[in-house]
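Quick notes on the structure that follows.
Every number in this text was worked out from the coordinates using simple rules, so none of it is lab data. Model, not experiment: these values are computed from the prediction. All Cβ positions, glycine included, derive from the backbone under ideal geometry; neighbour counts span all protein chains shown.
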Amino acid sequence: MKITEFLAPEAIIPSLRSANKESVVKEMVETLAKAGLVKNAAHAVEVLLEREKLGSTGIGQNIAVPHAKSEEAKNLVLGVGISEKGVDFEALDGDPVNIIFMVIAPIDATGLHLKVLARIARLLKDKVFRNSLRSCKTAEKIYETIREEDERAA
C-alpha cells in the first residue's frame with residue numbers, strides 16, 4: 001500500500017494559514033471538501049475534533065496525524081498541510097507541529113484506516129524525509145516528495 005493511493009495533490013496545503021489546532025483542522029477539511037473528497041465539511045471537522053478530545057494526535061517530532069472515521073468520506077482520504085510557524089497541537093513532546101497528515105476514513109474501513117496510519121508513521125520516522133517535506137513550497141513538490149519516499153520505502 002502506498003500513501004499516494006489516497007492522496008490527491010489538491011488535498012495538500014504547502015503553507016497553512018491557521019495558527020491553532022482547531023483552525024488547522026477546519027482549513028484542511030475545507031480543502032478536502034473543495035476537492036470533493038468529503039461531503040459535509042462542518043460534520044467532518046466536528047468528528048476530527050471529537051477524536052482530538054480523546055488524546056492529541058500530535059505524535060511528536062513536529063508531526064500531527066489527526067484522523068477519524070466518518071460517513072462524510074466515501075473512500076479513505078488524506079490531506080497534508082505544512083506550517084512554517086508551527087502550530088500548538090498539544091503534541092506528546094510539547095513541541096509545535098509543522099507537518100500534518102489528516103486521515104478521514106469511512107466508518108467501515110477500520111483495517112485500512114489502521115494500515116494507512118501505520119504507513120504514515122513509518123514514513124515520518126525518517127528525519128531526512130521530514131526535513132524535505134518542510135522545505136517544499138508547492139503542493140506538487142510535496143506530492144512528489146511523498147511519492148518518491150513511498151516508492152523508496154515500499
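Can you tell me how much longer the chain between residue 49 and residue 61 gets when fully stretched, taken as 0.36 nm per residue apart minus their C-alpha distance, in nm with one decimal?
So the extension gain works out to 2.2 nm.
Strictly over 26 Å apart at the Cα level, which of 26/115; 69/141; 69/125; 85/115; 2/85; 53/141 would you flag in this model?
Among 26/115; 69/141; 69/125; 85/115; 2/85; 53/141, the Cα-Cα distance tops 26 Å for 69/141; 85/115; 2/85; 53/141.
Could you list the trypsin sites (Lys or Arg not before Pro) in the range 74-154 that lie in coil according to DSSP, counting only those with at most 16 other Cβ atoms within 10 Å of their Cβ?
74, 125, 137
What number in nm² do you get for the range 49-121 if you take the convex hull of its Cα atoms and divide its surface by four?
4.7
Post the alpha-carbon centroid distance, the range 1-18 to the range 87-154, in whole angstrom.
Comparing the Cα centres of the range 1-18 and the range 87-154, I get a distance of 9 Å.
In the range 3-152, if the dipole is taken from +1 on Lys/Arg beta carbons and -1 on Asp/Glu beta carbons about the Cα centre, which of 99, 109, 75 is farthest to the positive end?
My answer, from the dipole projection, is 99.
Dipole magnitude of the chain about its Cα centre, charges +1 at Lys/Arg Cβ and -1 at Asp/Glu Cβ only, in debye to the nearest 20?
Rounded to the nearest 20 debye, it is 240 debye.
Rounded to a whole number, what is D in µm²/s for the range 19-154 from Stokes-Einstein with the Kirkwood radius over alpha-carbon pairs (10 °C, 1.306 mPa s)?
The Stokes-Einstein estimate is 106 µm²/s.
Tell me, in nm to one decimal, what length is gained between residue 128 and residue 84 on full extension, where the rule is 0.36 nm per residue of separation less the Cα-Cα distance?
That works out to 14.2 nm of additional length.
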